[in-house]
Amino acid sequence: MEYIQGCEETTIQNLFKTIGKRTSMIIQAQIGACGTCINSHIYEGLDDVYFIAHSLAPERGILKRESIEDLPDADIGIIDGPICFQGKEESIQMAEMVREKSKILLGLGTCAVGSDTIGGFITKDCSHLLPFFCPYLRTRHPKIENYVSFDYKLPVCSANQEGLKRFIRATLREDTGYLEYFKDPGASTINVITEAECCMGCGTCGMACPTGAISYVEQRPRIDAEVCIKCGACFIQCPRSFFSNSVLSLNRFQNPPDPLLGFYREAYSARTQDSRIMKISQDGGIVTTLLCYLLREQICDAAVVSVSRHGWDTVPEVVTTPEEVLKAAGTKYTVVPNLMGIKKAADQGYEKIAFVGVPCQVQGVVKTDVYPFGDRYYHSKIAFVVSIFCMENFLFGNLRSIIEGKTEVPMDETNKMGISKGRFWVRSLDGNQFRIPVKFIETYAQKSCSLCLDFCGELSDISVGSVGTADGYSTVLVRSEKGKRVFDDFKKTIECEPLSQEGLKTIQDLANLKKGKNTRATRETLTKKRWLMLETLSDLV
Ligand SMILES: Cc1cc2nc3c(=O)[nH]c(=O)nc-3n(C[C@H](O)[C@H](O)[C@H](O)COP(=O)(O)OP(=O)(O)OC[C@H]3O[C@@H](n4cnc5c(N)ncnc54)[C@H](O)[C@@H]3O)c2cc1C
Ligand code: SF4
Ligand code: SF4
Ligand code: SF4
């Protein structure tokens, strides 16, 4: 996303220039003989990189192998690769020397620092540069972290160049907030997240997986063990492994979040002026109208939306025309792995993708952008992010149980559904309306929603919801600079006025309710799961 404070510097040298630091000495050490993962290009133009490698390791790009005997003192040491079976003592000795000479030591890759669950595996790809046959391929190797201590560890393979630059930049800037998780990171696949019932089916892991090993079955990710290379990307990128709203808000908006609503610049009550959209949309039709505007004005070349197939079974879809956007109008109270739609759109060649999702999906989008360690490039194709407000969501089977069990309307005869004034309502195709108090359907909500502290999409460009404004209108929170630029023009095409203080207070109350209710569940889970590192809760309600 071009508007997120990114790492545009193409080399570490430029990175040093932009942060006004003198060039520091970096030791780059390849401890094992394997290795496709040295990102030598990021060091282009930098004289003060001292590269050492295992004696069997092949030559690597622009880096010239230096003698280990003359190892200089360094500001940063970076080690990748596992302890090699062919020359184990040499590997260990190199690691110990780099530790001794480096003020800060970074460990890169699951093979080096990937915990007991996934660390140490060497795949066929890892050794394709090797000039000889390695009999230990696909064998689990000892990890370097068993022999030396690291200041920060990045357990993901193979480290994406942009992610690597951000990681090194954060180290140079002493950005402890950004790096906090990497002092002692968990490393795993997303199986631990699904098994602990923390997964909310957002689709981030499927987008991030480099081998296509993840598919979604009953709105939950499933890993094909035959295809999984245990790289750890899915886990690192999942918004439920580690997540800090304040770090992401600072990176995204250069401003800390408002404690209840997240950072925002302006708040409006608005409604579409398009009579066709008014009829089919959920509330004020702002999401549908805005997406049409983004495509028409060529701010975006595609949009990822949620489209219901037969009987409200809903999937992410890539749409490119206003006519197609209309197919997605209306709220589906069910979980959709929408980030898989971003992968689909980018794989189809779209470069400026608009994304619409619930807050947890937006968390996945922004996390992959601020920590681009596994998804390779998908995050850079996202041009605009719209969040809809969300109190809770339902797995499809549970939505069916609510609608067919409690209102007795068959799913395929349901025309529209919604929540307002404490009631879940369903309108059937023949125009009848049924209402159930929300408290009767609360037990049907997806369990992982109880770990969610975001009501109104705190990291989006623009958030849209129904509470806070009159029926048939939308509440709009404009957050990013780009969001403001777009909305300033867009609002000339719709009915729009500043949100009343009373309206704002209603949203604050609901956000407060959600944060308060879910804080206890989040705290309990945090104490049980060592790998889980969601926002520290001390500054919440
Ligand atoms: C599960 C859920 C819970 C919600 N809870 C609240 C709430 O408590 N309070 C509140 O004020 N608002 C809530 N909303 C938002 C509200 O229902 C409207 O979506 C919002 O007001 C936008 O209205 P609109 O008329 O502008 O949208 P429309 O113009 O009708 O467009 C709706 C857009 O939402 C997207 N969408 C629909 N269903 C989903 C889904 N399941 N996942 C991701 N995207 C989807 C579609 O792609 C479409 O582009 C919730 C939405 C969802 C999906
Ligand atoms: S929360 Fe999202 S990223 Fe995490 S396991 Fe579930 S679907 Fe994957
Ligand atoms: S991202 Fe894919 S390949 Fe990597 S650990 Fe996860 S499922 Fe396996
Ligand atoms: S409550 Fe939170 S976790 Fe659940 S669907 Fe909504 S945004 Fe996602």
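From helices alone, the chain scores -8000 deg cm²/dmol at 222 nm; the rule is -39500 (n - 2.57) for each run of n ≥ 4 DSSP H residues, then divide by the residue total. At the listed q of 0.25 Å⁻¹, the Debye profile of segment 197-237, built from one uniform point per Cα, gives log10 I(q)/I(0) equal to -0.83. Once all protein chains are placed together, ASP47 keeps about 140 Å² accessible to a 1.4 angstrom probe.
Taking label positions 7 Å along the Cα-Cβ direction at both THR176 and ARG485, the computed distance is 3.5 nm, reported to one decimal. Annotation: average projected area of the chain is 24.6 square nanometres, based on the convex hull of Cα atoms across all directions.
Accessible surface ranking for GLU458, GLU69, 1.4 angstrom probe, highest first: GLU69, GLU458. A simple count of charges around PRO82, restricted to other residues whose Cβ falls under 14 Å of its Cβ and scoring Lys, Arg +1 and Asp, Glu -1, yields +2.
Counting only protein heavy atoms and using a 1.4 Å probe, the accessible area of SER55 comes to about 80 Å². For ASN146 and ASP313, the difference between the fully extended length at 0.36 nm per residue and the C-alpha to C-alpha distance is 55.3 nm. Comparing Cα centroids, segment 312-359 and segment 122-180 end up 34 angstrom apart. For GLN348 and LYS103, the FRET efficiency from 1/(1 + (r/R0)^6), where r spans their Cβ atoms and R0 equals 41 Å, is about 0.35. Annotation: ARG173 carries an accessible surface of approximately 110 Å², with a 1.4 Å probe and no ligand, DNA or RNA atoms counted.
May I ask what percent, to the nearest 5, of DSSP beta bridges between residues of the chain are antiparallel? Could you put the intermediate results ahead of the total?
On the way: 36 of 69 bridges.
Around 50 percent antiparallel, to the nearest 5.
Note on segment 394-444: Cα Rg divided by 2.2 N^0.38 Å, N the number of residues, gives 1.02. Segment GLU502..ARG435, full-extension length gain: 21.5 nm, with 0.36 nm per residue of separation and the alpha-carbon distance subtracted.
Separation of segment 478-533 and segment 375-392, taken as the distance between their Cα centroids, equals 15 angstrom.
Per-residue accessible area (protein heavy atoms, 1.4 Å probe) orders TYR268, TYR444 as TYR444, TYR268, starting from the largest.
Short-range pairs are left out: with C-alpha atoms under 8 Å and at least six residues apart, the relative contact order of segment 324-387 is 39 percent. Residue separation of GLU524 and TYR377 scaled by 0.36 nm, minus their Cα-Cα distance, works out to 49.4 nm of gained length. Normalised by the number of residues in segment 394-444, the mean separation of alpha-carbon contacts (under 8 Å, six or more apart) gives a relative contact order of 30 percent. Each Cα pair under 8 Å and six or more residues apart adds its sequence gap; the mean of these over the residue count of segment 197-237 is a relative contact order of 42 percent. Charged neighbours of CYS126, selected by a Cβ distance under 12 Å, balance to +1 (K, R count +1; D, E count -1).
Working from label points 7 Å from Cα in the Cα-to-Cβ sense, the THR443 to GLU218 distance is 1.9 nm. Going by accessible surface with a 1.4 Å probe and the largest first, THR117, THR527 read THR527, THR117.
Annotation for segment 136-208: GluC sites (Glu not before Pro) lying in DSSP loop with at most 13 further Cβ atoms inside 10 Å of their Cβ are GLU174.
The values are calculated or read from the model by the stated rules, or taken from the named source; none is laboratory data. Everything numeric in this text was worked out from a predicted model, so none of it was measured. For neighbour counting, all protein chains shown are included, and Cβ atoms are generated from backbone atoms with ideal geometry for every residue, glycine included. What goes into the accessible areas is simple: the full protein's heavy atoms, side chains included, and nothing from ligands, DNA or RNA. Shrake-Rupley method; radii C 1.70, N 1.55, O 1.52, S 1.80 Å.
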